[in-house]
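Each remark here refers to the structure printed beneath this line.
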Amino acid sequence: MKKNVRFALTIIGMALLLNGFAMLHEYYISITNIEYNPMSQSIEISQQYIAHDVEKAIFIKHKVDLHLAEPNEHPKADSILEVYFRDNFELSIDSTIQLNWVGREVKLDESLLIYLQSEKIEQPNKLTVKNTSLTEVFPAQSNITHVKVGERQLTKSINRITNTHTFITQ
């Protein structure tokens, strides 16, 4: 009888433990690298996201399935991604900096890399970054942002609550 009770308690305990693992909080993180290139006198940006998270955000906002890096990829995937990131990512010094779409790639690990570049500008003493990417779909989204100007590198986590940060780069 004690064996049966112990066995039943073990099964119940394992079920509760496995259920607890299923309910663990999920984390959503992106990495943005912003670097001033003195040779081209421009700001170069690379952003890394999980592709299916971006696809979900775009589907919710635009009702479009991108199917990135699949044979049935949406024919306007690049322009849809460009609009999404233009609406959700912004750089400014005293006014908004015009960012040009350079391109994107999807890696085998399902990461989506986005590349942007500014027009020619002088080396900034400060740089304000606003990034609301994915925060409307994933409230726990953390957009980790690295800014490098000259020898100075700064990092900040930008999220739904604090979606804008000014980096002092001098």
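FYI, it's all coordinate maths here, none of it is from the lab. It should be emphasised that the depicted structure is a prediction, and the values quoted were computed from it without experimental measurement. So basically every Cβ, Gly included, is an ideal-geometry build from the backbone, and we count neighbours across all protein chains shown.
Tabulated results
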read-out	value
Rough spin-label spacing in nm, given labels placed 7 Å along Cα→Cβ, for residue 69 and residue 101	1.9
Compactness relative to 2.2 N^0.38 Å, alpha carbon Rg of the stretch 45-88	1.08
Whole-Hz couplings from phi, Karplus 6.51/-1.76/1.60, listed for the stretch 98-103; x for Gly and Pro	5, 10, 9, 6, 9, x
Taking only Cα atoms of the stretch 18-134, radius of gyration then Dmax in Å	16.2, 55
Chymotrypsin sites (Phe, Trp or Tyr not before Pro) within the stretch 51-147, DSSP loop, no more than 15 other Cβ atoms inside 10 Å	none
Count, lysine Cα pairs under 20 Å in the chain, 8 or more residues apart or across chains	12
Sparse-neighbour loop sites [trypsin sites (Lys or Arg not before Pro); the stretch 23-65; at most 11 other C-beta within 10 Å; DSSP]	63
³J(HN,Hα) computed for each position of the stretch 131-148 - Karplus, 6.51 cos²θ - 1.76 cosθ + 1.60, integer Hz, glycine/proline x	9, 10, 4, 6, 5, 6, 9, 10, x, 8, 4, 10, 9, 6, 10, 10, 10, 10
Dipole of the chain, positive direction: furthest Cα of 45, 168, 99, with charges on the beta-carbon	168
